[in-house]
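A short reminder: the numbers here are calculations on the coordinates, not readings from a lab. Fair warning: this is a prediction, and the values are worked out from it, not measured in the lab. Methodologically, a virtual Cβ is constructed for each residue, glycine included, from the backbone with ideal geometry; neighbour enumeration extends over all protein chains shown.
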Amino acid sequence: MVYASSSNYSLPQEEEEEEDTPLLTNSPLLSSKFKTLANIFIAIVGAGVLGLPYSFKRTGWVMGLFMLFIVAFLTYHCMMLLVHTRRKLESSFMGFSKIKSFGDLGFTISGPIGRFAVDSMIVLSQSAFCVSYLIFISTTLAFLTTDKNETASFFLGLSPKVLFLWGCFPFQLGLNSIPTLTHLAPLSIFADGVDIAAKGAVMVEDVFVFFKNKPDLEAFRGFSVFLYGIGVAVYAFEGIGMVLPLESETKDKEKFGSVLGIGMGIISVLFGAFGALGYFAYGEDTKDIITTNLGPGVVSAFVQLGLCINLFFTFPLMMNPVYEVVERRLCGSRYCLWLRWLLVLLVSLVAILVPNFADFLSLVGSSVCVILGFELGWRCIVPDVAIVVFGIVIAVTGTWSSLVVIISSKA
């Protein structure tokens, strides 16, 4: 293992800590175990869960649950590897400043090349999450407000989905102009409350629909859809990019592993229940975004609008790591308004080009999300190498499979 020591690419010194913008908060106070658990939920639970029922339809519900729990365990294991790697480097080797981010960790292990590789994956993964948010918001609003197909021409040759996406654009420019996350905290708390209520309402509705319809269900659809299911499952646990900042802000760092494990366990059960109940309710009619299955009605509209509100205000939060990387590399870590606006525009354009929400989840999960991990120590080399090999195989084959599905659906 090679450790970086070039003075031209040094880590930020601890005395500069107050000048930096932390990923989750500007407050110097450390988080209690309860607040850490709450932050874990905020970081991990996102739009990916909405594609799980459709994934269960494609893979079969037993295979879907199996893959989901396997991915949850591997995600937790890799998160803790990252934490232990940082702790070992900070405590065992002289000359290293405090490692604050994935980029710092990549630099410490492999120098400038490592930092560039990790920064690239962070930018791609976080941007992809935001693309999925815009796809969900625009698709859902189009479904709620028109009786036309979401992709059919509606006004000036534009589909309802595209019109709503561009309608969100100026508001996102305003939200993403806010230089720090502290000012977004009240909106984020409100959005998380709405999200919990909305997802709970979806699961309750699924139970009633299941007992009413009792559709035919498939438990296992073969290994041909294995890669698709793995990609969606990996994407659903989208918080790996936030694990180092979360651990940094924890008051009792020795308990972080157990708190993260509890959080991942609860989230895994909730994800499994959400995916299974959605598929049980609608069977072969399950759509790529489960909320579009709810049909008309006040409750349905409230649920879907609630999810849209959550993702709308989560967008600038998830783009923050992207801004940190790009502004650090292009603007000397200085705030740059036009660069942020350009990134929002690029993300919006990608969202317009993607035809299917769940297929996009599989693509992102199969490509960039499986790469964010590090190996630590000879004692764990066999399982860690197995995870790396597994990740590379899924990244290559899953990306190819998802691209084929997306391209064929546009043809």
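Laid out as a table, the results:
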| read-out | value |
| --- | --- |
| Dimensions (Å) - the stretch 177-333, Cα atoms, principal axes, largest first | 57, 37, 33 |
| Alpha carbon centroid spacing (whole Å) that separates the stretch 241-272 from the stretch 297-337 | 22 |
| Among 128-135, 264-271, the order from most to least packed when residues are scored by Cβ within 10 Å on average | 128-135, 264-271 |
| ³J(HN,Hα) computed for each position of the stretch 32-41 - Karplus, 6.51 cos²θ - 1.76 cosθ + 1.60, integer Hz, glycine/proline x | 6, 4, 5, 5, 4, 4, 5, 5, 4, 4 |
| 5 angstrom amide H check on Thr250, placed H, neighbours 5+ away | Ser31 |
| Net charge contributed by nearby residues that have their C-beta within less than 14 Å of Phe280 (K/R +1, D/E -1) | -3 |
| Greater than 28 Å apart at Cα, pairs in Lys35/Lys88; Lys161/Lys214; Lys199/Lys251; Lys57/Lys199; Lys88/Lys251; Lys199/Lys287 | Lys161/Lys214; Lys199/Lys251 |
